[in-house]
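Visitor: Below is a structure I'd like to ask you about.
The values are calculated or read from the model by the stated rules, or taken from the named source; none is laboratory data. Bear in mind the structure is a predicted one, so any value in this text is a computation, not a measurement. Backbone-built Cβ (ideal geometry, glycine too); neighbour counts: all protein chains shown. Note: areas computed on protein heavy atoms with side chains; ligands, DNA, RNA excluded. Shrake-Rupley method; radii C 1.70, N 1.55, O 1.52, S 1.80 Å.
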Amino acid sequence: MKRTHACAAMTSIAVLTIAPFLWATIVAAQSNTGELRIRVTDPSGSAVKSALELVCEANEFHKTFVTDDSGNVVARRLPFGLYTIHVEQQGFAPYADSVELRSAVPMEFHVTLSLAAINTSVTVKENETLIDPYRTGSINRVGSETIEERLTSLPGRSLVDLINSQPGWLYEGNAVLHPRGSEYQTQFVVDGVPLTDNRSPSFGTEIEADDVQSMSIYTANIPAEYGRKLGGVVEVVTTKDTRPGFHGKTVLGGGSFGTGDAYASAQYSWGKNTLGATADGARTDRFLNPPVVQNYTNTATTGDFSLRYERDLSDADRLAFTVRHGVSRFEIPNEQLQQAAGQRQDRSNLETMGILSYQHVFSPNLLGDVRFMARDDADTLSSNPLATPIIAFQDRGFREQYAKGSISLHHKNQEWKAAVEADFASLHERFNDAITDPTQFGPGTPLTFSFLGHGRDLEQSAFVQDLIRLGRWTGSVGIRWDHYQLLVNQNAVSPRLGIARYIPSADLVLHASYDRVFQTPAFENILLSSSPDVLTLSPNVLRLPVEPSHGNYYEVGLTKGFWAHLKLEVNSFRRIVNNFADDDQLLNTAVSFPLAFRKADIYGAESKVDIPHWGKFSGFVSYSYMVGSANFPVTGGLFLGDAAAQALSQTTGRFWVTQDQRHTARTRFRYELLPRAWLAFSGEYGSGLPVVFNGTEQTAIDQYGQQIVNRVNFARGRVRPSLALDASAGAQIWKHDKVNMKLEADVENLNKRLNVIDFAGLFSGNSIAPPRSFALRLETSF
């Protein structure tokens, strides 16, 4: 319980290039984005080259497009929703109209401009897209403006910091995301391909936020196309410039803790071809959240490179290929006693990934899509001879091949999707240790231990879903089948339902949803923790296979607009999960592994007031209330020594899950000082996570220091409340022709408060949030 080989990957990619011929009759879903193909003509039908604006306030989308000489432009990867199109062209009357995008099938839209003397345009205001009247559940959208003007993050956290700012999400440990009380059940879907492993800085490489165009974040009413990890689903759409020619962006940043980072992207489009590349690198002296105020041994370097090629083979066929490589190397921060002993532990994460996709439009109402992905992931841990109380070494990773295909069908008032997918991963784990302080371990613990294991994770699924419009009513219905085989072999069928009612007179949407979920265990170190070899680690061992979680998610809520400028969202939820997933630590190493408990009951409410634009103001205020508890007995995982005896004896009762923070509030407001300058202020409050510490207060002081112990309420068993206030300022400092330069300055934790995230957690104990810090970021686009 939580208390506290690139070559092989590229070979797999090459093999997968012939797979479409084997999958000709198979169809898994692309992400929930669509494509709008716009043609602009004059009254006679002749093409007009013009600029147009596409706006959706509910999706935080506002972008200008320019048609080609034929009057055509394609807006791709648009999150589903209601958009307005604005065209102003000299010699013609202003044009405005609305368009609803609900299907992955490309939509054709014809704009006919009227002569200036004859104004027949439809007047549509941007604020009419403030709420989505046909959404059957809560979705948090993060658009390009929010991404560009975000607070500067430490390396490895730019994307997860944005996600953590949404209602229902919170950090525990080292930027590990926990949606609505779930542990390690976050799924990233990057350009339609799911990544279900842990993407926190301590476990995986980063997808840089500057490489992202938009995100859609689900914690309820999760489409049936998504499975396996369903605590929260994050759809990521990477940046793609639709303009012809050569374009790009560079970002240079730096700040406190010796942090420096650089990002560059470039794209060239010619004819029906688009070639793009991105690269970024960073270093810092504060990568993980340290266990003590002094921030010992915490340096890191990170890097990432990607290359994407896309070609429109015809108006109906599109082929794309992406390669991405990422690396992070960092130290694990010491406690007081470890630092005094001279300990040093180093970790590295490497990932190489290739994605091949092909899309075919069979008819104006039918789209087919196939995607293949191969990747290689390697993670290592090493310790010097002075490590205490144990010297630990690890080399683990996996090679994954993934394939999916989907068909999307638009039929009258319905949007159908049907799909199958298959995922195969070869796991390898090597671990060995040597105890340097036997007094920290129970009698009979061997002074050395070694493990080598291999396993095969086989997962397949299929789904069908439909979105139905009946007047002011909208319904979503889907059903999904999953098969999982690693330590256990299980199948599951999961229905998903959602319903919404739009009341135009009140500018109000009421919605309710039900999700049946089947969640597979985290596979980090699952072979080690389930191996018979661990029986030698202690005279008392409890070893149970970790089975998938089964659960029911419920949500009811509303979205209401006020005065055409302010949006209120309120949601109430409950999650009841069997075989509730958690994690623990192997001995006193930095190696974690999955486990499970009989049941968890998590409930709460969330609210958010959003002001996209009201004069010179924009911003939001959100509040989350959550209560989460789990019930004994243990149903999966590894327990040693006294922990094994306790787990065997405790067959009833409950405990607060480690993500049980009752009250969380966040806010950010932006004010436009001048057309090219702005100020923003933000803040976050947390009421504190649970504490389970078996030692004395003096033991805690010796390990962590008096300052940290003062931030723990041992009587209540909680970390004391946290509060961080931040400020930002930005300005456009130069603009000439197509070159635009922006400068942003950030100050975080203005109130200079010592905020303890959790106490006696996984990595060397506690996690301490950053103190007051400064950052500058210069962005140049062309």
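Visitor: Looking only at segment 683-697, which residues are open to solvent by 40 Å² or more (accessible area, probe 1.4 Å) and either among the hydroxyl-bearing types (Ser, Thr, Tyr) or within 20 Å of residue 161 (Cβ to Cβ) (or both)?
Guide: Of everything in segment 683-697, those that are open to solvent by 40 Å² or more (accessible area, probe 1.4 Å) and either among the hydroxyl-bearing types (Ser, Thr, Tyr) or within 20 Å of residue 161 (Cβ to Cβ) (or both) turn out to be 684, 685, 696.
Visitor: For segment 570-602, enumerate the residues that are surrounded by fewer than 21 Cβ atoms within 10 Å (Cβ to Cβ) and under 30 Å from residue 618 (Cα atoms).
Guide: Result: 570, 572.
Visitor: Here's a follow-up. Would you point out the residue of segment 652-682, among those that are open to solvent by 80 Å² or more (accessible area, probe 1.4 Å) and in contact with a Pro (Cβ under 8 Å, 6 or more places away or on another chain), that is nearest to residue 626 (Cα to Cα)?
Guide: Among those that are open to solvent by 80 Å² or more (accessible area, probe 1.4 Å) and in contact with a Pro (Cβ under 8 Å, 6 or more places away or on another chain), it is 656.
Visitor: I would also like to ask the following. Can you pull out every residue in segment 491-515 that is open to solvent by 60 Å² or more (accessible area, probe 1.4 Å) and at pLDDT 95 or above?
Guide: Selection gives 491, 493, 497, 499, 501, 510.
Visitor: Need the failing condition index for residue 111 against (1) over 29 Å from residue 402 (Cα atoms); (2) of a type outside the set (Gly, Ala, Ser); (3) open to solvent by 10 Å² or more (accessible area, probe 1.4 Å); (4) modelled with pLDDT of 90 or more, just the number.
Guide: Unmet condition: (3).
Visitor: Right, here's the next one. Being part of a loop (DSSP other than H, G, I, E, B) and open to solvent by 80 Å² or more (accessible area, probe 1.4 Å) is the filter here, so list the residues in segment 715-746 that pass it.
Guide: 715, 716, 720, 737, 738
Visitor: If you don't mind, another one. Working carefully through the options 253, 248, 258, find the one that is under 25 Å from the mean Cα position of the chain (by Cα) and modelled with pLDDT of 95 or more.
Guide: Matching residue, one of 253, 248, 258: 253.
Visitor: Is there any pair linking a residue in segment 568-594 that is on the phi > 0 side of the Ramachandran plot to one that is not in a strand (DSSP E or B), with Cβ under 6 Å and at least six apart or on different chains, and which?
Guide: 579/547
Visitor: Okay, moving on. Could you tell me whether any residue of segment 477-490 is open to solvent by 60 Å² or more (accessible area, probe 1.4 Å), among the basic types (Lys, Arg) and part of a strand (DSSP E or B)?
Guide: The answer is no, given that none of the residues of segment 477-490 is open to solvent by 60 Å² or more (accessible area, probe 1.4 Å), among the basic types (Lys, Arg) and part of a strand (DSSP E or B).
Visitor: Tell me whether segment 662-670 contains one or more residues that are under 24 Å from the mean Cα position of the chain (by Cα) and closer than 15 Å to residue 172 by Cβ.
Guide: Yes: one or more hits.
Visitor: Output the residues belonging to segment 278-298 that are in a strand (DSSP E or B) and farther than 28 Å from residue 373 by Cβ.
Guide: Across segment 278-298, the qualifying residues are 283, 284.
Visitor: Among the residues of segment 446-463, is any of a type in the set (D, E, K, R), within 30 Å of residue 530 (Cβ to Cβ) and crowded, with 18+ Cβ neighbours inside 10 Å?
Guide: Yes, segment 446-463 contains at least one residue that is of a type in the set (D, E, K, R), within 30 Å of residue 530 (Cβ to Cβ) and crowded, with 18+ Cβ neighbours inside 10 Å.
Visitor: Are there any pairs with C-beta distances below 8 angstrom linking a residue in segment 689-712 that is part of a helix (DSSP H, G or I) to a residue that is surrounded by 12 or more Cβ atoms within 10 Å (Cβ to Cβ) and of a type in the set (S, T, N, Q), with the two at least 6 apart or on different chains, and if so which?
Guide: From segment 689-712, the pairs are 702/336; 703/336; 704/336; 704/766; 708/766.
Visitor: Among the candidates 755, 749, which residue alone is touching a Leu at 6+ places or on another chain (Cβ under 9 Å), modelled with pLDDT of 90 or more, on the phi > 0 side of the Ramachandran plot and open to solvent by less than 50 Å² (accessible area, probe 1.4 Å)?
Guide: Exactly one residue qualifies, and that residue is 749.
Visitor: Checking residue 524 against (1) over 30 Å from residue 393 (Cα atoms); (2) under 27 Å from the mean Cα position of the chain (by Cα): exactly one of these is not met. Which one?
Guide: It is condition (1) that residue 524 fails.
Visitor: While we're looking at this one, here's another question. Residue check, residue 775 against (1) assigned to a loop (DSSP other than H, G, I, E, B); (2) crowded, with 17+ Cβ neighbours inside 10 Å, all met but one. Which one?
Guide: Of (1) assigned to a loop (DSSP other than H, G, I, E, B); (2) crowded, with 17+ Cβ neighbours inside 10 Å, only one is false for residue 775: (1).
One line per residue, one yes/no per condition, for (1) within 26 Å of the chain's Cα centre (by Cα); (2) not hydrophobic (A, V, I, L, M, F, W, C):
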residue	(1), (2)
705	no, yes
708	no, no
732	no, yes
748	yes, yes
753	no, yes
773	yes, yes
778	yes, no
782	no, no
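Visitor: Determine whether segment 605-613 contains at least one residue that is of a type outside the set (Gly, Ala, Ser), touching a Pro at 6+ places or on another chain (Cβ under 7 Å) and closer than 23 Å to residue 500 by Cβ.
Guide: Checked against the condition, which is being of a type outside the set (Gly, Ala, Ser), touching a Pro at 6+ places or on another chain (Cβ under 7 Å) and closer than 23 Å to residue 500 by Cβ, segment 605-613 yields at least one hit.
Visitor: Here is a follow-up. From 556, 541, which residue is aliphatic (A, V, I, L, M), out of contact with any Lys or Arg (no Cβ under 6 Å at 6 or more places or on another chain), over 23 Å from residue 220 (Cβ atoms) and open to solvent by 20 Å² or more (accessible area, probe 1.4 Å)?
Guide: 541
Visitor: Which number in (1) of a type in the set (D, E, K, R); (2) at pLDDT below 95; (3) surrounded by 20 or more Cβ atoms within 10 Å (Cβ to Cβ); (4) farther than 17 Å from residue 190 by Cα marks the one condition that residue 272 misses?
Guide: Going through (1) of a type in the set (D, E, K, R); (2) at pLDDT below 95; (3) surrounded by 20 or more Cβ atoms within 10 Å (Cβ to Cβ); (4) farther than 17 Å from residue 190 by Cα one by one, residue 272 breaks only (3).
Visitor: Got a number for residues in segment 281-295 being open to solvent by 20 Å² or more (accessible area, probe 1.4 Å) and at pLDDT below 95?
Guide: Residues flagged as open to solvent by 20 Å² or more (accessible area, probe 1.4 Å) and at pLDDT below 95 within segment 281-295 amount to 3.
Visitor: Take residue 467 and decide whether it is buried (at least 18 other Cβ atoms within 10 Å of the Cβ) and closer than 18 Å to residue 595 by Cα.
Guide: Spelling it out, it is not the case that residue 467 is buried (at least 18 other Cβ atoms within 10 Å of the Cβ) and closer than 18 Å to residue 595 by Cα.
Visitor: Any residue in segment 614-626 that is in contact with a Pro (Cβ under 8 Å, 6 or more places away or on another chain), within 17 Å of residue 584 (Cα to Cα) and open to solvent by 70 Å² or more (accessible area, probe 1.4 Å)?
Guide: No, because not a single residue in segment 614-626 is in contact with a Pro (Cβ under 8 Å, 6 or more places away or on another chain), within 17 Å of residue 584 (Cα to Cα) and open to solvent by 70 Å² or more (accessible area, probe 1.4 Å).
Visitor: Give me the pairs, please: first residue somewhere in segment 332-351 and farther than 14 Å from residue 291 by Cα, second residue anywhere and among the aromatic types (Phe, Trp, Tyr) and not in a loop (DSSP other than H, G, I, E, B), beta-carbon distance under 6 Å, and either six or more positions apart or on two chains.
Guide: From residues that are farther than 14 Å from residue 291 by Cα, the pairs are 347/330.
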